[in-house]
1. For ARG599, what is the net charge nearby, where nearby means another residue's Cβ is under 13 Å from its Cβ and Lys, Arg count +1, Asp, Glu -1?
2. Residue by residue through segment 330-343, which ³J(HN,Hα) values in whole Hz follow from phi under the Karplus form 6.51 cos²θ - 1.76 cosθ + 1.60 (θ = phi - 60°), with glycine and proline marked x?
3. Please list, ordered by chain and number, the residues whose modelled amide H lies under 5 Å from the amide H of VAL499; skip anything fewer than 5 residues away on the same chain.
4. Taking the mean number of other Cβ atoms within 10 Å as a proxy for protection, how do you rank 504-513, 539-548 from highest to lowest?
5. Quick one, could you list the DSSP H helices from the chain stretching 30 Å or more along their long axis (Cα atoms) with average Kyte-Doolittle hydropathy of -0.5 or above?
6. Could you point to the residue in LEU194, ASN274, THR447 farthest towards the positive end of the chain's charge dipole, with +1 and -1 charges on the Cβ of Lys/Arg and Asp/Glu respectively?
7. What is the extension gain from SER141 to THR649, computed as 0.36 nm multiplied by their sequence separation minus the C-alpha to C-alpha distance, in nm to one decimal?
8. What value, in deg cm²/dmol to 500, does the helix sum -39500 (n - 2.57) over DSSP H runs of n ≥ 4 give at 222 nm once divided by the residues of the chain?
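Laboratory data are not the source of any read-out in this text; all were calculated from the coordinates shown. No experiment lies behind these values; they were computed from the predicted model shown. So basically every Cβ, Gly included, is an ideal-geometry build from the backbone, and we count neighbours across all protein chains shown.
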Amino acid sequence: MQPSILKGTHGAAHESARGHVQGTAEYVDDRPREARELTVGLIWSPHAHARILSIDVSRVQKWADRLWIFDYKALAHNTWGSIFQDQCFLAQDVVHFVGEVVLVVAAEDPAILSAALKAIRIEYEVLPAILSIEEAVAQQSFIGVERTIARGDWQKGLETAPHRLQGRVPIDGADHFYLENQAAIAYPRDGGILEIHSSTQHPTEVQHLVAEALGLPQKDVVCTVKRLGGGFGGKETQAALFAVFAAMVAKVCQRPARLVLDKDTDMMITGKRNPFQVHYDIAFRDDGEIVALDALLYSDGGACADLSTAIMERALTHVDNAYFLPAVRIRGQVCRTHIHPHTAFRGFGGPKGVALIEQAIEAIAHHLRLDPYDVRLRNVYRHPHRNTTPYGQVVEGDALPVLFETLAERCEYKARRQQLLESADPKSPWLRGISMTAVKFGISFITRFLNQGNALVILHQDGTFQVSTGAVEMGQGVQTKIGSLVAAEFGVDPDQVRVMPTQTDKNANTSATAASSGTDLNGSAALVACRPLKERLSKVFAALIDLDPELWPTRTIGPGTQADMVWDKPLAYPVVFEGGRVYAAGHPERFLSLVDVIREAYFNRVSLSEYGFYKVDGLDFNKVTGQGNAFLYYSQGTACSEVIVNRFTGEVKVLRSDILMDLGRPINYDLEMGQIRGAFVQGLGWVTSEQLVYDGQGRLLTHAPSTYKIPSVHDIPRDFRAELLETDNPRTLHRGKAVGEPPLLLSFSVWTAIMNAIKVSSLPIPASRERILRALYPDTFAKWEKAR
Ligand code: MTE
Ligand code: HPA
Ligand code: MOS
């Protein structure tokens with residue numbers, strides 16, 4: 001079958017689009033201030049590792065009746081952690097990273113609060129700190145055990161293949177840079193209920209942690225999330241901390257309590273993308289075909305486990321990326337340091353695994369003087385013999401060779417590369433490079449139990465709908481997509497469906513909106529709920545259509561003559577819901593309006609609400625053996641980027657990027673395109689300009705956009721094209737594929753294009769200007785270092 005490009009069809013507008021543009025979309029801190037509301041501030045450790053010697057509050061005594069100060073003793077339970085319970089909400093005796101919160105302070109008057117934050121003195125005894133992966137490895141300071149995925153005789157492969165290369169890629173972290181910082185407001189409500197409004201990707205975890213920390217039953221805590229101004233993984237676990245602090249103040253003071261971080265504080269104290277050091281030992285044939293790989297990944301988990309072991313797991317399962325590795329060993333170990341606990345960030349561990357293999361392929365091509373594209377194509381997963389991952393999952397629906405070949409043709413990769421080689425001008429300050437990379441991203445939480453979702457679908461008598469799920473809207477458009485799915489199911493306009501704020505009293509025991517699975521899990525649960533509703537309405541339709549309208553329940557209710565209509569008979573024919581109408585398949589002329597059917601159903605005592613539950617079947621990955629089906633399916637794509645690099649300043653400009661993805665049948669083309677471009681640009685920032693600089697004592701120096709360079713409109717590719725392959729995905733109810741994270745990994749095409757431009761076979765991430773210059777002029781830098 002000839003691959004074809006999907007023609008874009010416009011979907012419903014993002015439900016917050018107008019509000020975003022007009023500034024009316026409400027975020028946590030936009031909630032109006034209530035009478036007696038308290039503002040909450042934090043006092044946190046300025047040291048990476050230290051013992052608390054004394055806390056002096058004498059200088060705030062004058063505000064004693066207007067100030068509340070809390071330490072860990074205020075909490076019923078002070079430890080937490082999504083995987084390992086190794087983190088304190090409030091420091092107890094020893095602090096383990098810069099930013100660990102020691103005291104929570106609250107006041108009605110913000111001026112008193114800020115004066116008090118400055119006046120409280122904490123004396124510390126500084127202890128030795130581990131501040132890098134190298135130090136942690138030397139001291140065997142680890143979190144969790146070493147994990148391995150292996151298959152085949154990789155040792156023999158390494159020893160006998162014609163070529164062998166070893167390398168190391170240092171990969172730095174990155175800040176999430178969500179525009180809305182961490183925020184929570186807690187309200188004590190009638191009867192002892194605590195109502196929490198949190199900027200969290202995981203309302204259920206906030207509910208549970210608030211309850212546990214404060215010694216409340218879970219029934220007495222409700223967490224509500226309307227929308228986030230970005231999460232990107234940074235609010236999957238870490239938002240809970242701030243919600244707990246606000247809740248603690250609200251409970252003790254019996255007043256509303258608001259805790260909103262400013263950007264500098266947020267950047268300094270919250271965790272980032274885990275830095276990694278990845279090592280490879282790779283063997284290959286003359287044509288670039290990989291024979292064996294031995295890979296070792298270390299990550300900096302920071303001071304607490306957070307999600308780092310799960311992130312490592314995703315890194316290990318993504319080292320293969322788009323490529324078949326016949327014999328392989330992949331090992332991973334999370335290190336414990338004295339840095340803020342690192343956490344989820346778009347792609348989770350995936351990008352770090354993928355960076356390893358894409359870098360190794362660059363090294364192979366460099367070594368053999370081959371076009372890296374040819375090396376990639378030689379190794380790409382292919383049906384039927386070269387399509388099993390190192391963890392034993394078969395790559396079903398492998399679109400990778402087609403994606404590579406189709407995109408290469410559409411963007412004229414070969415001709416442009418040739419032209420670029422021929423036109424290289426030794427006098428120009430600009431060096432040009434072009435490169436193609438791929439992504440194959442596993443969709444499912446590898447932790448099996450998280451792959452579940454539930455939804456409540458309510459039909460109202462005017463033919464409009466309310467849908468509630470556990471999905472959190474963080475800009476990605478999940479609510480719009482879920483609304484569109486329900487609308488399509490009932491054949492109504494998407495604006496007939498309202499997706500309600502996420503709230504734990506309607507949808508409990510939910511997973512974080514993460515792993516790109518928000519629509520798959522929650523949208524599927526909503527579809528599951530729609531089906532019995534449709535079944536009931538279909539039967540009502542079948543009864544009504546054969547009944548004289550004068551005998552319909554609504555018409556007979558007044559006189560009191562109503563008898564129950566016989567509607568619960570097996571359906572003799574399929575019923576279609578389309579354009580606000582209901583009819584028997586094949587007979588669109590004999591229709592009833594959906595509103596009529598719904599209303600008659602109500603008066604005939606037919607339930608108009610339904611709760612749906614969905615779980616992903618067929619996942620059997622075994623964490624101990626490192627084998628099994630880890631994912632329901634893969635979202636796949638390729639990208640080609642062309643860059644110019646200034647050889648005097650290291651400045652990079654991306655001239656053009658082309659992206660081609662397989663996303664099955666998209667639910668909302670425009671939203672998917674927004675995710676593709678947004679994720680790509682976010683990754684572009686990480687691999688080129690965003691550099692976290694610490695002061696050597698574990699303090700982040702780059703904690704504002706003035707020193708931490710996120711991409712601006714000037715940095716996006718001058719010519720930026722994205723398209724979808726026309727495909728299908730039988731694995732989801734909606735036949736689409738998850739899009740949230742995968743395209744971020746396509747920004748590696750920019751990273752490898754820089755390597756191509758400056759003719760080196762490796763670069764750290766980010767490939768900052770300084771690092772580009774260091775790679776261009778290693779001798780000069782060595783001389784300077786010596787002279788220092
Ligand atoms: N898009 C926007 N605008 N804002 C975000 O915070 N987070 C990303 C991605 N796209 C994010 C985003 C991350 S890390 C994930 S896991 C997914 O969205 C989560 O949402 P989904 O599962 O509904 O795709
Ligand atoms: N992705 C994002 N968040 C997660 C995951 C994952 O794979 N597993 C647990 N939390
Ligand atoms: Mo996304 S890193 O899974 O929140």
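1. Local net charge: -1.
2. Values, residue by residue: 10, 10, x, 9, 8, 9, 9, 10, 10, 10, 3, x, 7, 8 Hz.
3. It is VAL467, by chain and number.
4. On the way: 504-513: 21.4, 539-548: 18.3.
Packing order, densest peptide first, comes out as 504-513, 539-548.
5. Span-like helices, by this rule, are 524-545.
6. ASN274
7. Residue separation times 0.36 nm, minus the Cα-Cα distance, leaves 179.0 nm.
8. -8500 deg cm²/dmol
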